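Q: Sharing a structure, written as structure tokens. Questions coming.
The values are calculated or read from the model by the stated rules, or taken from the named source; none is laboratory data. These numbers were taken from a predicted model, which means no experiment stands behind them. Cβ: placed from backbone, ideal geometry, glycine included. Neighbour counts: every protein chain shown.
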């Protein structure tokens, strides 16, 4: 018979007479449970990422169909719209930026960033996109003015205020369509 060493009972709720082998087996079982939990967490993370991307696609589909009409109601008369990640590449062929939607006419290019729920950092990110777009169009001798908008299915008041203060249009869901908020004193920023 194998000799076992009992662990002294120094804690009132610790069972008496537990052997080292039993503790070791418990540790091994706990390690298996931790690995399984890690696997589940990774799988759930991937599923949440997929869900987030699909929700973003849904927001894009809500905005895209009629947004040019809303801008045309404001006098822009956009004749073309590019939906779906307009990409600008650098000299090495790497993507410098992606723009969700571009509306164009002979005078203006409107770059629209579409988010399910815009947050404050999205404003600076979009301004950088607009600056990259301006630089790209300058290289092509395209001097049309560039303006920006951020669209969202759900817009917080703080975010809406910050977007307008940055000189970007706010496009938000209103019932089954989108509306563009244009305060009386709003002056769109040009890039």
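Q: Given the conditions (1) over 18 Å from residue 69 (Cα atoms); (2) free of Cβ contacts under 8 Å to residues at least 40 places away in the same chain, and given that residue 111 satisfies all but one, which numbered condition is not satisfied?
A: (1)
Q: Right, another one. Identify, by number, the condition in (1) under 24 Å from residue 78 (Cα atoms); (2) part of a helix (DSSP H, G or I) that residue 125 doesn't meet.
A: (1)
Q: Kindly state which strands (runs of 3 or more DSSP E) lie completely within the range 61-118 and contain at least 1 residues that are within 22 Å of the chain's Cα centre (by Cα) and loosely packed, with under 15 Cβ neighbours inside 10 Å.
A: Per the criteria, 80-89, 95-104.
Q: I would also like to ask the following. Counting only residues that are in contact with a strand residue (DSSP E or B) (Cβ under 7 Å, 6 or more places away or on another chain) and at pLDDT 95 or above, give me the strands (runs of 3 or more DSSP E) lying completely in the range 144-191 with at least 3 of them.
A: By residue number, 145-152.
So that you can scan it fast, the table gives a plain yes or no per residue for (1) at pLDDT 85 or above; (2) in contact with a strand residue (DSSP E or B) (Cβ under 9 Å, 6 or more places away or on another chain):
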site	(1), (2)
3	no, no
9	no, no
16	no, yes
19	no, yes
52	no, no
55	no, no
64	no, yes
75	yes, no
89	yes, yes
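Q: Could you please let me know if residue 128 is free of Cβ contacts under 8 Å to residues at least 40 places away in the same chain, exposed (fewer than 13 other Cβ atoms within 10 Å of the Cβ) and within 13 Å of the chain's Cα centre (by Cα)?
A: no
Q: Same structure again: Go through the range 123-143 and report how many residues are in contact with a helix residue (DSSP H, G or I) (Cβ under 9 Å, 6 or more places away or on another chain) and either modelled with pLDDT under 95 or more than 22 Å from residue 81 (Cβ to Cβ) (or both).
A: Residues that pass the stated criteria total 1.
Q: For residue 185, all conditions in the list (1) closer than 21 Å to residue 71 by Cα; (2) surrounded by fewer than 14 Cβ atoms within 10 Å (Cβ to Cβ); (3) under 21 Å from the mean Cα position of the chain (by Cα) hold save one; what is the number of the exception?
A: Of everything listed in (1) closer than 21 Å to residue 71 by Cα; (2) surrounded by fewer than 14 Cβ atoms within 10 Å (Cβ to Cβ); (3) under 21 Å from the mean Cα position of the chain (by Cα), residue 185 misses just condition (3).
Q: Among the residues of the range 137-147, are any surrounded by fewer than 19 Cβ atoms within 10 Å (Cβ to Cβ), more than 19 Å from the chain's Cα centre (by Cα) and more than 21 Å from residue 78 (Cα to Cα)?
A: Yes, the range 137-147 contains at least one residue that is surrounded by fewer than 19 Cβ atoms within 10 Å (Cβ to Cβ), more than 19 Å from the chain's Cα centre (by Cα) and more than 21 Å from residue 78 (Cα to Cα).
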